[in-house]
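The values are calculated or read from the model by the stated rules, or taken from the named source; none is laboratory data. These numbers come from a predicted model, not from an experiment. As a convention, Cβ positions derive from the backbone with ideal geometry for all residues, glycine included, and neighbour counts pool all protein chains shown.
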Amino acid sequence: MNWLERIGSKTTKFIEEIGRICLLFLQALKWSLRPPLGFRNILKQMEEIGVRSVPVVLITAVSTGMVLALQSHTGFKRFNAESLVGTVVALSLTRELGPVLTGLIVAGRAGAAMAAELGTMRVTEQIDALSTMATNPIKYLIVPRLLAGMLMLPILTIFSDAIGIAGGYFVAVKVLDVNPVVYMRRTTDFLEFDDIFGGLLKALVFGIIIATVSCYKGFNTEGGAEGVGKATTGAVVLSSMLILISDYFLTAMLF
Amino acid sequence: MRLSAEARVGLVILLGALILSYMTFTVGGYRFGREAGYRLYALFDTVAGLDTKSGIRVAGVGVGKVETIALQDGQAKVALRIKPEVKLRKGTQAAVRATGLLGEKYIELIPGTGEGFLQDGDTMAESERVADLDRLINQFSTVAADIKTVSASLREALGTEEGKQSLKEIVANIRELSRNLNVAVKDNRENFTKAVANIQEASASLKEDLPKLLESLKHTSEKLDVIATKVEKGEGTLGKLVQEEGVYNKLDSALEGLNSVTKKLEKGEGTIGKLFTDEKAYDQITTTLEGLSNAVSHLERFKTVIGFRNEYQFDSEKNKGYFSLQLQPREDKFYLLELVDDPRGRVTSTTTQVVGVTGAVTELKTDRQLKINAEFGRRFSDVALRIGLMENTFGLGTDLYLFNDALRFSADAWDFNSNDPLNKHVHLKGTASYSFFKYLFVQGGYDNLINKKLGTGFAGGGIRFEDDDLKYLVGSGALRMK
Amino acid sequence: MGEPMIQLIDVYKSFGDNPVLRGATLTIERGETMVIIGGSGTGKSVILKHIIGLMKPDRGKVVVSGKDLATLKERALDELRKKFGMLFQGAALFDSLSVWENVGFSLRQQTHLSDREIKQLAVEKLAGVGLRGVEDRMPADLSGGMKKRVGLARALAMEPEILLYDEPTTGLDPIMADAINELIVEMKRRLKVTGVAITHDMTSAYKIADRIAMLYQGKILQVGTPDAIKNSGNPIVHQFVTGSSVGPIKTV
């Protein structure tokens, strides 16, 4: 097989995989609309995906906000427009960095765990066991993860927005000596509800991507412990990639 | 302290909701329901560069934001949201200004001195147009060109001695002539206005007024005749002047120049020349008739939306169809009429005891039924409230619009006291719909939320046409029929 | 004999280019225990997965109590599956749930019993397979034999009509294996269930089977009572049951 063929078959495989992931998502969506939903399971996943990701999301967001303030201050100082740092920090966090960074972190943390757990269940026949007990594995395993992802990603993003803006404020006001009142006015004047809401919509889509991709990879694990490892890596790589790709289209669509 | 899983999840969600609401309220520009403050309107010839959310200032102090910009009879109608604590006296005028030569546009309000204050819904006048640079330069150049022609011709006319002498008389004569013309013109204009007014009152009386109109036209031409004969006879200086050809020619061009100056000066009141031809009268009659026919089709002012949509219910695997007609007499008020083809319109249940199974088995039987929605709605900014008949029972609903109305979230509640044991809870429905083209939209949601046996998720889509599209469709259809 | 409970009719199944089943036909009657024997990788598990509808045949039919599985919709299939109980090779206990939650899983999913009632039933089922005082442990803390027993208790929780055993004795020491065999025989006697087991452990097969079927190259080669299989004239069957490396079955 020459390199051209290899690229071709890789691309076909990739597209095929995306198609299967979409189908899995639609199925999960269908099942999520059929009551009863296992509330206990959803809660458990919300804790797994959401609550446990809070510390790492906060740390990432606060340092991102601080770096943003530091970097943009250097530029704006040359125009005597230091107060615009607030605008830049707020806009880039709410529209872009908040949802994307949260998505990537959750993909690495919760997505990997999800794929590993489901992968293990697949290779030890636990998923088959579910089917034999007249319980649909998609409904029992994927739906709670999907719903939890859809709900928790936006909430984590809100945290990330808020703490990031706070970090930027701290650096700009306490370290770089920007007028705090003007800084906050520049932040609130140019920030609009649609910026925040658009960012949250993005996060919702990222939540869907992470949950669906990780579950897909876990569900399709083959070949024992090694397969579980592969599934885990694959889940993180693919969901991170899809987050970044879809981010472009979401940005073009929403804003 | 050790928190349970429920408590931890609950805490995180609650904190998230709190931060989000704090952020949305501080960034402003977004309020649930009615926004604070009152609304004023202002009409402008042009608002180029002005956007919604642009600032409004009085003496440079921010007092509100531009809410909407709409077109009304060729003018821009701008809705201004003014902070409640700001009181503006009647007679306040509005102007579009820029913060600098390249700065962003805002609206400056020039406070009036009238009795009483402007109330919610009042309309302000546009203040005198501030000279904008382009217009000024344009006007200056035409005026300058005219003056140049006049002065050039005058210089030539004044070159000869005799010309100098006769010019004095000419000027006097022209003054007299123009006064005469003015009188003639005035008479005529009054008559025309009268005629037009009569036409507007009733087209029936047009016949009676027509002779009068003709009479005054005759009168005008007679007067003109008199003037012309005077000139021809060489009476007065003007007559003499006509005899002497050299001076006449020079004067002619001077007159031409003057004429164009006066024309431009008088442009505000209409051109003299036009009044003497039938064209103007014709124009006015046509517009009047058009206005009459517009008034007859009063309905045209209504915004009408017609749509079809379908919802596929996952649980029952059936389709629920809607045909809807929305009449919107005002921007913030609408009536919604819908025919609903409900696959589970009538629900009957039979309960049977099966041997060997604990508890009874209940079977549901559903029949298709046609139902009616008739709702009255009010819209407040991004939120609409609806009340009325929903699927043949009393119901309430609310909509939240986002992204220029592309995304809509709706919640409806109806059927508050149903008798059927399986359908005993109130019928709740949540819908999210997104329109991605002008006519097409997709939607999904959950129907009959708390009646467990009948609850179902649904997804679907539909088409909708607004009146402009309808006019086009009907129009082209009619053309084809011809 | 009795009426047919499970019928495999000319079933074909391949994975990619690898044909596993090539026209397997087998009838299992109500109340009997059928043991399917065959070498590793010959598709015994695949047959089991077809019977419970986890896999669909490429060709042919699988009929369970008169219903063709291929024609059933998801819900009807789930309804039918409630008649089954399955013991997996590695027990397939849910790692995240305790022992009693594992045993009571179906009860929690399919009935409206309270947690207390479910736990009580689970303890009873565990006692039925000889386990006491383990209900609050996690599966990871159990030995292989105990896991199998818990798995059996879980399979019995909904009082199934058909029990499927995937290699019930594999990976257990001979004494534990015999104990499991005893349990299987007892289940059949006490509960009158139809049983299908796959194994290559002939001791186990002779002990639990009413009839034995030999699967070879994707087809059922011979079906008969344990005695008939033991004394089979077919050289392939003979080689397999005597466990000889010399014969028509190639080991490499």
**OP:** Could you please let me know if A:L151 is within 14 Å of chain B (Cβ to nearest Cβ), assigned to a helix (DSSP H, G or I) and at negative phi?
**Re:** yes
**OP:** Could you list all residues from segment A:161-189 that are at pLDDT 90 or above and at the interface with another protein chain (Cβ under 10 Å from one of its Cβ atoms)?
**Re:** A:D161, A:A162, A:I163, A:I165
Original post:
Restricting the search to segment A:111-138, which residues are in contact (Cβ under 8 Å) with a residue 60 or more places away in the chain, aliphatic (A, V, I, L, M) and touching a Ser or Thr at 6+ places or on another chain (Cβ under 7 Å)?
Top reply: A:A112, A:M114, A:A115, A:A116, A:V123
Original post:
How many of the residues in segment C:47-90 are more than 12 Å from chain A (Cβ to nearest Cβ), assigned to a helix (DSSP H, G or I) and not hydroxyl-bearing (S, T, Y)?
Top reply: 4
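Mind listing whichever residues of segment C:1-19 are closer than 20 Å to C:V63 by Cβ and either in a loop (DSSP other than H, G, I, E, B) or in contact with a helix residue (DSSP H, G or I) (Cβ under 8 Å, 6 or more places away or on another chain) (or both)? So that I can check it myself, show each step before the final result.
In the first step, residues of segment C:1-19 are kept if they are closer than 20 Å to C:V63 by Cβ; the result is C:1-13.
C:M1, C:G2, C:E3, C:I6, C:L8, C:V11, C:K13 - these are the residues of segment C:1-19 that are closer than 20 Å to C:V63 by Cβ and either in a loop (DSSP other than H, G, I, E, B) or in contact with a helix residue (DSSP H, G or I) (Cβ under 8 Å, 6 or more places away or on another chain) (or both).
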Original post:
From the set of residues in segment A:134-146 that are crowded, with 24+ Cβ neighbours inside 10 Å and either of a type in the set (A, V, I, L, M) or within 9 Å of chain C (Cβ to nearest Cβ) (or both), which is farthest from C:N102 (Cα to Cα)?
Top reply: A:L146
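Select, from C:R59, C:R75, C:R132, the only residue that is surrounded by fewer than 21 Cβ atoms within 10 Å (Cβ to Cβ), in the same structural domain as C:A213 (by TED's automatic domain parsing) and modelled with pLDDT under 85. Spell out how you get there, then give the answer.
On the way: C:R59 fails: modelled with pLDDT under 85; C:R132 fails: in the same structural domain as C:A213 (by TED's automatic domain parsing).
None of the other options fit; the residue is C:R75.
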Subject >> Counted residues, segment A:33-50 - those being over 22 Å from B:Y446 (Cα atoms), at the interface with another protein chain (Cβ under 8 Å from one of its Cβ atoms), in contact (Cβ under 8 Å) with a residue 24 or more places away in the chain and out of contact with any Leu (no Cβ under 7 Å at 6 or more places or on another chain) >> reply: 1
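Let's see how each residue does on (1) surrounded by 23 or more Cβ atoms within 10 Å (Cβ to Cβ); (2) under 21 Å from A:A203 (Cα atoms); (3) more than 16 Å from the chain's Cα centre (by Cα):
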{"residue": "A:C215", "(1), (2), (3)": "yes, yes, no"}
{"residue": "A:N220", "(1), (2), (3)": "no, no, yes"}
{"residue": "A:G223", "(1), (2), (3)": "no, no, yes"}
{"residue": "A:A231", "(1), (2), (3)": "yes, no, yes"}
{"residue": "A:I243", "(1), (2), (3)": "yes, yes, no"}
{"residue": "A:Y248", "(1), (2), (3)": "no, yes, no"}
{"residue": "A:A252", "(1), (2), (3)": "no, yes, yes"}
Original post:
Considering only segment B:17-33, how many residues are facing chain A (nearest Cβ under 7 Å), under 22 Å from B:R81 (Cα atoms) and at pLDDT 55 or above?
Top reply: 5
**OP:** Give just the number: which of (1) closer than 19 Å to B:K452 by Cα; (2) modelled with pLDDT under 85 does B:Y312 not satisfy?
**Re:** (2)
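Among the residues of segment C:108-131, is any facing chain A (nearest Cβ under 9 Å), of a type in the set (S, T, N, Q) and closer than 14 Å to C:M158 by Cα? Talk me through it step by step, then tell me what you get.
Taking segment C:108-131 as the starting set, the residues that turn out to be facing chain A (nearest Cβ under 9 Å) are C:109-110.
Going one step further and asking which of them are of a type in the set (S, T, N, Q), we end up with C:109-110.
Subsequent filtering for residues that are closer than 14 Å to C:M158 by Cα retains C:109-110.
Yes, that holds for at least one residue.
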**OP:** With the checklist (1) modelled with pLDDT under 85; (2) surrounded by 17 or more Cβ atoms within 10 Å (Cβ to Cβ) in hand, flag the one item B:G460 doesn't pass.
**Re:** (1)
**OP:** Can you give me the number of residues within segment A:73-127 that are assigned to a helix (DSSP H, G or I), more than 14 Å from the chain's Cα centre (by Cα), more than 13 Å from every other protein chain (Cβ to nearest Cβ) and small (G, A, S)?
**Re:** 3
Original post:
Here are some conditions: (1) more than 11 Å from chain B (Cβ to nearest Cβ); (2) surrounded by 13 or more Cβ atoms within 10 Å (Cβ to Cβ); (3) closer than 28 Å to B:Y312 by Cβ; (4) under 19 Å from the mean Cα position of the chain (by Cα). A:C22 meets all but one. Which one does it not meet?
Top reply: (2)
Original post:
Mind checking which pairs have a first residue in segment B:421-443 that is over 18 Å from B:G457 (Cα atoms) and a second that is modelled with pLDDT of 80 or more and aromatic (F, W, Y), Cβ under 8 Å, 6 or more apart or different chains?
Top reply: B:S435/B:F441; B:Y439/B:F465
Subject >> strands (runs of 3 or more DSSP E) contained in segment C:161-252 and holding at least 2 residues polar (S, T, N, Q), crowded, with 20+ Cβ neighbours inside 10 Å and within 13 Å of the chain's Cα centre (by Cα) >> reply: C:194-199
